[in-house]
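Here is the structure we will look at.
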Amino acid sequence: QVQLVETGGGLAQAGGSLRLSCAASGSIFRVNTMGWYRQAPGKQRELVAEVTTSGRTNYADSVKGRFTASRDNAKKSVYLQMNSLKPEDTAVYFCNAILALNFGDTWTTYWGQGTQVTVSS
């Protein structure tokens with residue numbers, strides 16, 4: 001069974017930093033893009049950052065210059081370093097990975113269970 005296990009998150013003060021980690025486990029043939037989404041209360045889930053297999057990154061405008069996404073392909077892991085946090089960054093953060101479980105499979109999107117990030121002013 002494939003799982004995306006997230007660690008990190010928690011409570012930080014405005015201006016502070018947090019680091020999220022996510023590892024994919026289970027029988028996985030190939031990993032494509034990995035990334036992070038977030039969902040604040042009453043809002044839709046939105047892309048925060050994503051990293052392709054070659055390391056190319058894409059960020060939401062709201063986090064550019066403050067957040068850095070990276071990955072370790074050997075560990076099937078993706079990370080999110082969050083600096084200069086703002087209260088508006090408060091949300092549940094979800095790890096996302098596009099995976100193929102077997103040779104010839106189509107790509108399928110998987111989600112982590114989510115981790116709460118709360119930034120106090």
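A few notes on this one:
- Just so you know, in the range 30-44 the residues that are more than 14 Å from residue 77 (Cα to Cα) and of a type outside the set (A, V, I, L, M) include one that is surrounded by the most Cβ atoms within 10 Å (Cβ to Cβ), and it is 38.
- Among residues of the range 45-75, those that are of a type in the set (D, E, K, R), open to solvent by less than 60 Å² (accessible area, probe 1.4 Å) and farther than 19 Å from residue 118 by Cβ, counted: 3
- Among the residues of the range 42-63, the ones that are among the acidic types (Asp, Glu) and within 12 Å of the chain's Cα centre (by Cα) come to 2 in all.
- Within the range 1-29, being of a type outside the set (A, V, I, L, M), loosely packed, with under 15 Cβ neighbours inside 10 Å and either within 13 Å of residue 114 (Cβ to Cβ) or in contact with a strand residue (DSSP E or B) (Cβ under 8 Å, 6 or more places away or on another chain) (or both) holds for 3, 7, 10, 13, 16, 17, 19, 25, 26, 29.
- Residue in the range 5-13 that is at pLDDT below 95 and not in a strand (DSSP E or B) present: yes
- Within the range 108-121, tally of residues that are loosely packed, with under 13 Cβ neighbours inside 10 Å and either closer than 26 Å to residue 11 by Cα or modelled with pLDDT under 95 (or both): 4
- Single residue of the range 76-107 satisfying the filter (part of a strand (DSSP E or B) and hydroxyl-bearing (Ser, Thr, Tyr)) that is most open to solvent (accessible area, probe 1.4 Å): 79
- Condition broken by residue 70, with the remaining ones in (1) without any contact (Cβ under 8 Å) to a residue 40 or more places away in the chain; (2) part of a loop (DSSP other than H, G, I, E, B); (3) farther than 18 Å from residue 92 by Cβ satisfied: (2)
- Considering each residue of the range 56-63 in turn, none proves to be touching a residue at least 60 places away in the same chain (Cβ under 8 Å), in a strand (DSSP E or B) and within 30 Å of residue 121 (Cα to Cα).
The values are calculated or read from the model by the stated rules, or taken from the named source; none is laboratory data. Just so we're clear, the structure is a prediction, and the values are computed from it rather than from any experiment. Backbone-built Cβ (ideal geometry, glycine too); neighbour counts: all protein chains shown. With ligands, DNA and RNA removed, areas are computed over all heavy atoms of the protein, side chains included. Shrake-Rupley method; radii C 1.70, N 1.55, O 1.52, S 1.80 Å.
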